[in-house]
């Protein structure tokens, strides 16, 4: 029996030939320490397989339309596209043997549900609301709308800065603001924040008086605020200025509605306050000086406008058909306004600022005095006048009319 040679670094491992036959060299997958590694073991390239074994096959690719169908089915604005992509994916997968059938089927199902939901929303008009909400979120500014006469709370309790949404609440309780006007700006390029704010300040101030007609009932802590479109919301079609009343103190709120107009007043109340607005409009033209003596000629030029306003006010009061319970009180008030008109005529003829101021004070006592209080009580209106600059300065202030400034 032949004894096989001992194994060594120059002897291959494995079976040995019978005695007397030459040894056959077998390739080894790993080279000996003194041998160089073969470039292609077994004389085959990678991927072509080893003798007796099948070649390596990579997994089939995932169909791109299947992926797109699933993604688009989740996008509310493109459910129909996801449905089409899902059908295309199934056809290609069957022909090419690709993966992604589950994603394609899921995309078709979800897209079908989304498409049906869109159809239902269109039928009931809800899709517009949903799309508006989407635009609001992307606009970076105010595109919500709060209607005239509604009250609301802001999300952060402030009426300053940019607002993205508000919560409408009953006006009878506490609230951050009450809307008294909605102003639509014309289309076109964004005119700039300064121009928009200027329009809002002018128009909101004017419209506040027609909403809260009884200036005696207007709380001293209230003031005019407004929301305007931002450059971002303008691109989404926002053209609305929202005029509102809010508390001067950012940490405080308002309670109850300030609305005093034809929708909340009876005929006699409305007629009385409408006549009052004639005088209020005249006082809007008062010269912008701290004291009468700062510009006496301008004050004397303005005084006849007040005289004319008082004549129109008394004419309006006497032309209305008052209820018997208030007719005498209103007539007495009209007589007091005649006396006030004479005082303003004397102010227009005054030679110096002191005389002008004296006549102004006397006229104020008549327009906001006892006869006015009696008439207001009979009509069921506020009967306590708001303090004004003429009272507090003895007439030398010359810059304000009776009641609170809005």
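The values are calculated or read from the model by the stated rules, or taken from the named source; none is laboratory data. Values in this document were obtained by computation on a predicted structure and should not be read as measured data. Note: ideal-geometry Cβ built from the backbone for every residue, glycine included; neighbour counts use all protein chains shown.
General remarks:
- Failed item in (1) in a loop (DSSP other than H, G, I, E, B); (2) under 21 Å from the mean Cα position of the chain (by Cα), with residue 288 passing the rest: (2)
- Scanning region 169-205 for residues that are without any contact (Cβ under 8 Å) to a residue 12 or more places away in the chain and surrounded by 14 or more Cβ atoms within 10 Å (Cβ to Cβ) turns up just one, 191.
- Hey, residue 384 at pLDDT 85 or above and part of a loop (DSSP other than H, G, I, E, B) or not: yes
- If only residues of region 264-285 that are part of a loop (DSSP other than H, G, I, E, B) and at pLDDT 95 or above are counted, the one that is surrounded by the fewest Cβ atoms within 10 Å (Cβ to Cβ) is 266.
- In region 109-147, residue nearest to the chain's Cα centre (by Cα) [restricted to those that are at pLDDT 75 or above and closer than 25 Å to residue 232 by Cβ]: 145
- Residue within region 190-200 that is in contact with a strand residue (DSSP E or B) (Cβ under 7 Å, 6 or more places away or on another chain), more than 30 Å from residue 379 (Cβ to Cβ), part of a loop (DSSP other than H, G, I, E, B) and at pLDDT below 95 present: no
- Scanning region 317-336 for residues that are surrounded by fewer than 19 Cβ atoms within 10 Å (Cβ to Cβ), in contact (Cβ under 8 Å) with a residue 24 or more places away in the chain and part of a loop (DSSP other than H, G, I, E, B) returns 320, 323.
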